[in-house]
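Student: Mind having a look at this structure? Questions to follow.
The values are calculated or read from the model by the stated rules, or taken from the named source; none is laboratory data. Here the structure is a predicted model, which is why all the values come from computation and not from measurement. Cβ atoms come from the backbone with ideal geometry, glycine included; neighbour counts cover every protein chain shown. The area values use the complete protein model at the heavy-atom level, side chains included, leaving out ligands, DNA and RNA. Shrake-Rupley method; radii C 1.70, N 1.55, O 1.52, S 1.80 Å.
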Amino acid sequence: MSLKVFNTLTGRKEKFISREEGKVYMYVCGPTVYNHIHIGNAYSYLIFDVIKRYLSYKGYKVIHVQNITNIDDKIINQSIEENISASEISEKYETAFWKVSDELNILRPDFSTRATEHIDNMIEMIKVLIDNGYAYVSGEDVYFSVDKFKSYGKLSKKNLNELIEGYRVCVTKGKKKPYDFALWKAAKPDEPKWDSPWGEGRPGWHIECSAMSLKYLGMGFDIHGGGKDLIFPHHENEIAQSEAYSGTEPFVKYWLHNGFMNIDKVKMSKSLKNWVFAKDVLEMYNPNVIRILSLSTHYRNDVDYSPKILNAYKQAYNKFLNTIHDINIVLSQEEQNTGKSVIDKIPSLKKEIDSLRLNFESAMDDDFNTALALSYIFKFAREVNRFAHLSLLKLTSDIKQILIRAKNIIIELTSILGLDLSEEEISKFRISEKYDKKKLEREINNTASKIYNKVFKLYPQDATKLSSSIISKSNLEDKIETILSIRNKAREEKNWIIADYIRKILKGIGISIKDTPLGTKWRKEY
RNA sequence: GGCGGCAUCGCCAAGUGGUAAGGCAGAGGUCUGCAAAACCUCUAUCCCCAGUUCGAAUCUGGGUGCCGCCUCCA
């Protein structure tokens, strides 16, 4: 089975053949760092992260370039707004961008290219465009002459007449044609500026992506990605500039565009002010939940953002965690030699493992159908749950082996989707600044003291372990274990009121527990 | 005004000619001290109309509704 991708340029799914065998050169449009990124921006980066991960899984060495647009009108406007310099704005929001990107488990690009560090490359390119007659100087501005580039519109399927008729085409003085676009803009007083043959100014928006992608990836690179709103004019203009500059085509082999993240069916956009910052969503939801939401529909479709839907996928994510958690519980048993009934189910589970991988790959090979790929993993999880439930009785070495394989393939395949099912995620506390450990510690200490008050008369000796002087010294895991030991004492004495009380207040701080034949197990919920 | 996309169970959603994946929610059941989790069972004929076909959610035509691009936008 070979990979097929939907190419915006041709409008159909095509077999993916990389320029160089075993390597994929990929450019993804990155953020303009004038504000925090919203969840729709994050969606795009997340999609291409999964594409990159899957290509790596397929054995390609992926060379991934992503720009940071750190000079732009919006940055200048924001610097006036916040009354700090443009460079301070871009530094501030670039830092914020990486923080969110890392939290979302998005792999860093191989080259993160800042526009301002490539001004020379852009000037060089503009010079050539002027020399070749594709661009003209108007005052201290430089414009690209769209009429000169014959195949203009091939990506967005627009023709120039339509553009002229479009009532929204703005006419700017200095342009020969309304659809010409700026390659270089003269600086107004107090604006950031760079020297150029045409005077002091800054580059137009589109030129940076051409200059930087060509510098790092060269003409004819494999994948160029971004949101579908970039198709026109941004990517259309990139093609025009790059192919006019090089005199060859194609600029890019495969153009991939993701759909939008909508709110109430409407695109998240600056003008409607209906965006939600990714950082704010991350305060409320586990990054894995955001991923599952993003991957539960095909990347070219729009996906709706809402707390209701996010909560549904939170449950879905919990399903994965529970499966791994339950496997771990079964595996924590002592091995035995007399596993009876389940033994004969091993071959069928083995078969499921093999077909899961094949199904996963065929789904992903079909233009990265993550929704289908996920559904196979869910289906498999049910098989494993059924098996693990049965084998809770006896753990033989054969059963142990197959369960470890089952667990590993779930972890492997979900990690291609960028999901994290690590031990920390499942049963322990994540060492992460996002989850405020101090707050959690306070909550648990609080809970311990509540329980202490409740039980110290009943179990004076055991309760001592919960006294604030002792409990405050132990680590988070030990605190929980101590609390559970008290609860189990109560359960032994069939004091269900105390036992249920403890379970209830632990639940209140996000610790869920389950009583199993192998003892009481707990995990932190997110 | 031009161009384009979408419409599948209560919600999210896969499926592009062969008889409707998966997740969430709901109902009943098994297990459990009770829970939780898990498992089992149940819940749609695919916006409407017409057509092509042995056969259509899937193709064609018409209609309705929603959304996007044409201006910065992932």
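Student: May I ask you to verify whether A:Leu293 is at pLDDT 95 or above, within 13 Å of RNA strand B (Cβ to nearest atom) and under 24 Å from the mean Cα position of the chain (by Cα)?
Tutor: yes
Student: Sticking with this one: Looking at A:Gly153, A:Gly139, can you tell me which residue is surrounded by fewer than 23 Cβ atoms within 10 Å (Cβ to Cβ), touching a Leu at 6+ places or on another chain (Cβ under 9 Å) and at pLDDT below 95?
Tutor: A:Gly153 is the lone residue from the list that is surrounded by fewer than 23 Cβ atoms within 10 Å (Cβ to Cβ), touching a Leu at 6+ places or on another chain (Cβ under 9 Å) and at pLDDT below 95.
Student: Quick check on region A:125-146. Is at least one of its residues in contact with a helix residue (DSSP H, G or I) (Cβ under 9 Å, 6 or more places away or on another chain), over 27 Å from A:Tyr43 (Cα atoms) and without any contact (Cβ under 8 Å) to a residue 24 or more places away in the chain?
Tutor: The answer is yes, given that some residue of region A:125-146 is in contact with a helix residue (DSSP H, G or I) (Cβ under 9 Å, 6 or more places away or on another chain), over 27 Å from A:Tyr43 (Cα atoms) and without any contact (Cβ under 8 Å) to a residue 24 or more places away in the chain.
Student: If I go through region A:232-262 residue by residue, how many of them are near RNA strand B (Cβ under 9 Å from one of its atoms) and open to solvent by 30 Å² or more (accessible area, probe 1.4 Å)?
Tutor: 3
Student: Just the residues that are within 16 Å of RNA strand B (Cβ to nearest atom) and closer than 14 Å to A:His325 by Cα, please, taken from region A:388-413.
Tutor: A:Ala388, A:His389, A:Leu392, A:Leu403, A:Ala406, A:Lys407, A:Ile410 - these are the residues of region A:388-413 that are within 16 Å of RNA strand B (Cβ to nearest atom) and closer than 14 Å to A:His325 by Cα.
Student: Could you list all residues from region A:203-219 that are open to solvent by 10 Å² or more (accessible area, probe 1.4 Å) and not hydrophobic (A, V, I, L, M, F, W, C)?
Tutor: Of everything in region A:203-219, those that are open to solvent by 10 Å² or more (accessible area, probe 1.4 Å) and not hydrophobic (A, V, I, L, M, F, W, C) turn out to be A:Pro203, A:His206, A:Lys215, A:Tyr216, A:Gly218.
Student: Do you know which of the residues in region A:449-481 that are open to solvent by 70 Å² or more (accessible area, probe 1.4 Å) and among the hydrophobic types (A, V, I, L, M, F, W, C) is farthest from RNA strand B (Cβ to nearest atom)?
Tutor: A:Ile470
Student: State whether one or more residues within region A:349-358 are near RNA strand B (Cβ under 10 Å from one of its atoms) and either outside any loop (DSSP other than H, G, I, E, B) or out of contact with any helix residue (DSSP H, G or I) (no Cβ under 9 Å at 6 or more places or on another chain) (or both).
Tutor: no
Student: Continuing with this model, one more query. Between a first residue in region A:356-384 that is outside the structural domain of A:Ile47 (by TED's automatic domain parsing) and among the small types (Gly, Ala, Ser) and a second residue that is modelled with pLDDT under 95 and more than 8 Å from RNA strand B (Cβ to nearest atom), which pairs have beta carbons less than 7 Å apart while being 6 or more apart in sequence or on different chains?
Tutor: A:Ser362/A:Met1
Student: Under 7 Å by Cβ, and 6 or more places apart or on different chains, what pairs join a residue from region A:1-25 that is small (Gly, Ala, Ser) with one that is surrounded by fewer than 16 Cβ atoms within 10 Å (Cβ to Cβ)?
Tutor: Pairs that qualify, where the first residue is small (Gly, Ala, Ser) and the partner is surrounded by fewer than 16 Cβ atoms within 10 Å (Cβ to Cβ), are A:Ser2/A:Lys15; A:Gly22/A:Gly59; A:Gly22/A:Lys61.
Student: Pull up region A:364-382, narrow it to residues that are hydrophobic (A, V, I, L, M, F, W, C) and either in contact with a Ser or Thr (Cβ under 6 Å, 6 or more places away or on another chain) or closer than 26 Å to A:Ile17 by Cβ (or both), then point me to the one that is most open to solvent (accessible area, probe 1.4 Å).
Tutor: Of everything passing the filter in region A:364-382, A:Leu372 is most open to solvent (accessible area, probe 1.4 Å).
Student: Before we move on, is A:Asp73 within 15 Å of RNA strand B (Cβ to nearest atom), over 18 Å from A:Lys4 (Cβ atoms) and surrounded by fewer than 22 Cβ atoms within 10 Å (Cβ to Cβ)?
Tutor: Considered against the rule, which asks whether it is within 15 Å of RNA strand B (Cβ to nearest atom), over 18 Å from A:Lys4 (Cβ atoms) and surrounded by fewer than 22 Cβ atoms within 10 Å (Cβ to Cβ), A:Asp73 comes out as yes.
Student: Among the residues of region A:482-492, is any open to solvent by 20 Å² or more (accessible area, probe 1.4 Å) and over 28 Å from A:His389 (Cα atoms)?
Tutor: no
Student: Pairs, please: C-beta under 6 Å, at least 6 apart or cross-chain, first residue closer than 24 Å to A:Ile84 by Cβ and free of Cβ contacts under 8 Å to residues at least 24 places away in the same chain and in region A:172-198, second part of a strand (DSSP E or B) and open to solvent by less than 40 Å² (accessible area, probe 1.4 Å)?
Tutor: As it stands, the answer is A:Ala187/A:Gly201; A:Lys193/A:Gly201, since those pairs meet every condition given.
Student: Let me ask something additional. In this structure, does A:Tyr93 turn out to be in contact with a Phe, Trp or Tyr (Cβ under 9 Å, 6 or more places away or on another chain), open to solvent by 10 Å² or more (accessible area, probe 1.4 Å) and assigned to a helix (DSSP H, G or I)?
Tutor: yes
Each row is one residue, and each column tells you yes or no for (1) surrounded by fewer than 20 Cβ atoms within 10 Å (Cβ to Cβ); (2) near RNA strand B (Cβ under 8 Å from one of its atoms).
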site	(1), (2)
A:His298	yes, yes
A:Val303	no, yes
A:Pro307	yes, no
A:Tyr313	no, yes
A:Asn318	yes, yes
A:Ile327	no, no
A:Val330	no, no
A:Gln333	yes, no
A:Gln336	yes, no
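Student: Select from region A:51-67 the residues that are among the hydrophobic types (A, V, I, L, M, F, W, C) and surrounded by fewer than 23 Cβ atoms within 10 Å (Cβ to Cβ) and list them in ascending order.
Tutor: Selection gives A:Val62, A:Ile63, A:Val65.
Student: Follow-up question, since we're still on this one. If you go through region A:123-135 one residue at a time, do you hit one that is in the same structural domain as A:Ile207 (by TED's automatic domain parsing), closer than 30 Å to A:Val281 by Cβ and touching a Lys or Arg at 6+ places or on another chain (Cβ under 9 Å)?
Tutor: no
Student: Which count do you get for residues in region A:234-288 that are farther than 25 Å from A:Leu3 by Cα, over 22 Å from the mean Cα position of the chain (by Cα) and in contact (Cβ under 8 Å) with a residue 60 or more places away in the chain? Before the answer, list the steps.
Tutor: Residues of region A:234-288 that are farther than 25 Å from A:Leu3 by Cα, as a first pass: A:234, A:236-238, A:240-248, A:261-288.
Filter once more, keeping what is over 22 Å from the mean Cα position of the chain (by Cα): A:234, A:236-238, A:240-248, A:271-273.
Pick out the ones that are also in contact (Cβ under 8 Å) with a residue 60 or more places away in the chain and you get A:234, A:236-237, A:240-241, A:243-245, A:247.
The qualifying residues number 9.
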